[in-house]
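Working notes, beginning with the structure itself.
The values are calculated or read from the model by the stated rules, or taken from the named source; none is laboratory data. Nothing here was measured: the structure is a model prediction, and the numbers come from that model. Positions of Cβ are backbone-derived with ideal geometry, glycine not excepted, and every protein chain shown enters the neighbour counts.
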Amino acid sequence: MPRKPTGSLFRNDAGRVYACVLVGDKDRESFPLDPKLTEEQAEQRKELVADLAVRLRASRNVTRDAIVALLEHAAVHEGRALRDVIAAVDVICKGGAQAKVVPGVSSVPKQVTLQQFGQLWTSGELARMYPDHVKPKRSVEQDVYRSTATSARSPAMSSPRPSR
């Protein structure tokens with residue numbers, strides 16, 4: 001009988017704690033944990049994320065990207081948001097829903113347009129997803145205003161280039 005995958009914890013050079021779990025047959029992924037967690041809480045969260053990963057992998061109606069997106073949320077959220085993720089996993093594993101990833105909502109797609117990147121950045125989603133690398137924007141209102149003012153003035157800026 002194979003042993004139950006439990007995942008592992010590691011700390012990066014900046015001191016951030018990550019849970020590393022199996023998301024595919026031989027494919028591991030690392031998820032940053034909430035920096036406010038104690039070592040004991042981090043261990044418990046790692047076990048929860050690993051358990052969710054096992055359940056999602058066993059379900060045949062879940063893509064790898066959807067597993068990663070759900071586990072990203074489970075790793076960092078607390079309280080009601082965490083309960084919602086667990087409830088979503090329960091529904092998916094019972095066959096009540098099919099998990100899909102909506103680009104720009106729960107994870108960054110493989111290829112993003114400049115407009116999508118700007119929306120991820122100004123909405124604060126990039127800062128939430130990559131807190132070690134991206135700081136929250138302080139000038140969001142001015143950036144959104146500039147963006148809408150520029151596209152309103154110049155229709156060429158907002159429409160795609162014609163192909164040759």
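A compact table of results
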item	result
Selection from the range 94-131 of residues that are exposed (fewer than 13 other Cβ atoms within 10 Å of the Cβ) and at pLDDT 70 or above	K94, G95, T113, L114, Q115
Residues (modelled with pLDDT of 85 or more and farther than 21 Å from R55 by Cβ) located in the range 13-31	R16, V17
Residue among L48, L71, L56 that is under 17 Å from the mean Cα position of the chain (by Cα) and either over 22 Å from R128 (Cα atoms) or in the same structural domain as A127 (by TED's automatic domain parsing) (or both)	L56
Residues within the range 43-68 that are at pLDDT below 90, of a type in the set (G, A, S) and in contact with a strand residue (DSSP E or B) (Cβ under 9 Å, 6 or more places away or on another chain), tallied	2
